[in-house]
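Worksheet: the structure to be examined is printed underneath.
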Amino acid sequence: MTGQLDFLNFPYHRPIMYHEIPLSIGERNRPVADLMLLLRKAHPGEVTVIHLRVETSIRLPADLLVRLDRVDRNRSALLERAALLYLAHIERRLRDQQDREIIDHNAERLNRLAMDTLEYLRLS
């Protein structure tokens with residue numbers, strides 16, 4: 001330590017000091033090093049996203065666990081993939097619904113434009 005205790009106020013220095021994140025994140029990454037230089041950051045964690053896993057507990061029926069184990073013995077990885085796919089599905093459905101609402105809201109105008117274009121093509 002060099003007496004610079006004010007660094008402990010930065011978001012990535014405190015976790016390093018308390019061993020909550022690693023001091024080093026693998027090999028030196030040139031784009032990360034460039035960003036660190038440009039943004040005047042002292043640790044790669046300040047310019048990269050770190051996905052920390054949080055331990056949790058859920059209750060599932062025994063028959064579901066048997067089915068999950070048939071697919072993948074690593075339940076955590078399987079449930080994470082399933083949750084990500086399900087969330088992507090829900091987000092896609094919401095976007096599709098919003099798109100339909102926008103199209104429905106503008107349907108009359110869009111139909112007029114389409115008819116004008118077809119009429120123009122017929123005259124050409």
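General remarks:
- Counting other Cβ atoms within 10 Å as a rough exposure proxy, the listed residues 115, 36 run 115, 36 from fewest neighbours to most.
- In a DSSP loop and with at most 12 other Cβ atoms within 10 Å, the trypsin sites (Lys or Arg not before Pro) in region 33-124 are 40, 53, 59, 73.
- Between residue 121 and residue 91, the C-beta separation translates, for a Förster distance of 22 Å, into a calculated FRET efficiency of about 0.05.
- Counted by neighbouring Cβ atoms within 10 Å, the residues 71, 32, 54 run from fewest to most as 54, 71, 32.
Rule-based calculations on the coordinates, nothing more; no lab input. Predicted, not measured: the structure shown is a model, and the values here were computed from it. Every residue, glycine as well, gets a Cβ built from its backbone with ideal geometry; the counts of neighbours run over all protein chains shown.
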